[in-house]
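Comments concern the structure below.
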Amino acid sequence: MESKKMEEYRDSLRIKAKAVLNKLPDNSENIDNADITKLIEELQLHQIELELQNEELRSAQKIIEENKSRYISLFNNAPVGYVILDEIGMIKQHNETFLKILNRRDIKKSGQAFADLLVDDDASGFRARYKALYKQPQGKKIEAKISTGNGTICHVLLEGTRHNQSTIMKEDTLSELMLTITDINDLKMTKHRLSETLEESRKKEKEVKSLLMGARAVLEQGSFESISRKVFDICSGLIGSTSGYVALLAEDGSENEVLFLEAGGLPCDVDPELPMPIRGLREVAYRENRSVYDNNFMESRWVEYMPVGHVRLENVMFAPLVLKEKTVGIIGLANKPSDFNDNDARIAEGFGELAAIALQNSKNLDKRDKSEKANAELIKKLQEAMANVKQLSGLIPICSHCKKIRDDKGYWNQIEAYISEHSDAQFSHGICMECAELLYPDFDLYSTDDQ
């Protein structure tokens, strides 16, 4: 292909040369043979010089074509899109990567404004900023959204640099703006996922902190009613409900006994003495030992069980207090500005477990108090009994002859003195019959009748 072009080029030069030669005057009559020989020699030398120059030109042209081809390949296959704009923002040239970003095969060759490829909001902003960008593009970055050929939106990052192109007259230059268009959809998606993950971790952190606060409330000394109120307030604040209550199952299992009721500032004219039977959505929570909720309560079948004057309930949730696999109470939550969800149900069940632990602790404390009171009364009685009793125990050293007892200091004491000192026993002295006969034979201290 290149040799054919060169041949065509040489043929066109020859035709031009002949045309010029034909216009020159014919001086061949005044030329002798020596001049002709010299002229032929000069022409041959000149021909050789031209051929050498021509060869150098062909080599230079080949290098230029290779560089041009390499440049075009690099330009079109660059990892980012390239667009060259004129001073009013019209597209003069673009690469293939830019078309891939656009998901189009081609765009208008002329009269295509770059801003028209952007979504409406970004297009107006780009037009407003283009003059400043064209004048001084260095260091400026613009994030924008491009409408692609398949109707989707592609997030791109725009960066510019001035490009001065020489014209035919070397003293003139044509100023252009080269934009690099980087597809940042993946980056945007990653940032979005990171943002969602961060938000989720913050929610989890808040949940953990709230559960820890609830656990600390359970560990506090106090009545179950006060502790359950703290647990309810923490749970309600975390989930976002504004109304609710905590109730315990009555001993006969027929109804709820409400510990407290939070109306959330809404009017509630229900008689506080009115019983709260186990029915409706509450009954489901009691029966299945799990959290249940309804986000359209006023339109549900459960609304028929609401007593007259009850606070309006847009949505409700019930979380059970489970002890030994049986629901013994309920946390009621209502009127969350948004809908309850499964995560709310999971959280409420966690606080229900804390309330159940508090209830069990309260029962254990009551049993402990009763036991301690009974033990205190028993100890008091034992102490009173012990106060009236002194017992001798252990090994007592006694003389086998005189029956004296040796004390801890090594002294021998009369048996009655030792016993009197170490017990509450008292002695009244007398004399037995054998000793009376032995010591007082003259006295009849013991008569037969006395015996």
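The values are calculated or read from the model by the stated rules, or taken from the named source; none is laboratory data. Note that the structure is a prediction, hence the values are computed from the model and not measured. No Cβ is skipped: glycine too gets one built from the backbone with ideal geometry, and neighbour counts run over all protein chains shown.
Listed by position, the strands (runs of 3 or more DSSP E) inside the range 125-200 whose residues that are at pLDDT below 90, within 42 Å of the chain's Cα centre (by Cα) and polar (S, T, N, Q) number at least 2 form an empty set.
Conditions tested, residue by residue: (1) polar (S, T, N, Q); (2) in contact with a Ser or Thr (Cβ under 6 Å, 6 or more places away or on another chain); (3) modelled with pLDDT under 85.
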site: Asp35; (1), (2), (3): no, no, yes
site: Lys38; (1), (2), (3): no, no, yes
site: Glu49; (1), (2), (3): no, no, yes
site: Glu55; (1), (2), (3): no, no, no
site: Arg58; (1), (2), (3): no, no, no
site: Ser69; (1), (2), (3): yes, no, no
site: Asn77; (1), (2), (3): yes, no, no
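Looking only at the range 201-216, residues that are under 10 Å from the mean Cα position of the chain (by Cα) and of a type in the set (D, E, K, R) come to 5 in all.
Of all residues in the range 71-85, those that are assigned to a loop (DSSP other than H, G, I, E, B) have Cβ atoms under 9 Å from Cβ atoms of residues that are of a type in the set (Phe, Trp, Tyr), 6 or more apart or on another chain, in Val80/Phe98. As a summary of the residue check, Ala319 satisfies the conditions (1) part of a helix (DSSP H, G or I); (2) closer than 20 Å to Tyr245 by Cβ except for the one numbered (1).
Taking the range 266-316 as the search range and keeping residues that are at positive phi and modelled with pLDDT of 85 or more, which one is surrounded by the most Cβ atoms within 10 Å (Cβ to Cβ)?
Start the filter on the range 266-316 by keeping residues that are at positive phi, which leaves 280, 289, 309.
Now narrow it down to the ones that are modelled with pLDDT of 85 or more: 280, 289.
Working: Gly280: 19, Asn289: 14.
In this case the residue turns out to be Gly280.
Check the range 221-244 and report whether any residue there is more than 30 Å from Lys141 (Cβ to Cβ), in a strand (DSSP E or B), touching a Gly at 6+ places or on another chain (Cβ under 7 Å) and of a type outside the set (Lys, Arg). Yes, the conditions are met somewhere in the range 221-244.
Say we look at the range 107-119 and pick out the residues that are at pLDDT 90 or above and more than 16 Å from Glu87 (Cβ to Cβ); which of these is surrounded by the most Cβ atoms within 10 Å (Cβ to Cβ)? Restricting to residues being at pLDDT 90 or above and more than 16 Å from Glu87 (Cβ to Cβ), the top hit is Leu117.
Could you tell me whether Lys409 is at pLDDT 80 or above and either surrounded by 10 or more Cβ atoms within 10 Å (Cβ to Cβ) or within 60 Å of the chain's Cα centre (by Cα) (or both)? Spelling it out, it is not the case that Lys409 is at pLDDT 80 or above and either surrounded by 10 or more Cβ atoms within 10 Å (Cβ to Cβ) or within 60 Å of the chain's Cα centre (by Cα) (or both).
Within the range 279-296, identify whether any single residue is of a type in the set (S, T, N, Q) and part of a strand (DSSP E or B), and answer yes or no.
In the first step, residues of the range 279-296 are kept if they are of a type in the set (S, T, N, Q); the result is 289, 291, 295-296.
Next, from what is left, pick out any that are part of a strand (DSSP E or B): none.
No, the range 279-296 has no match at all.
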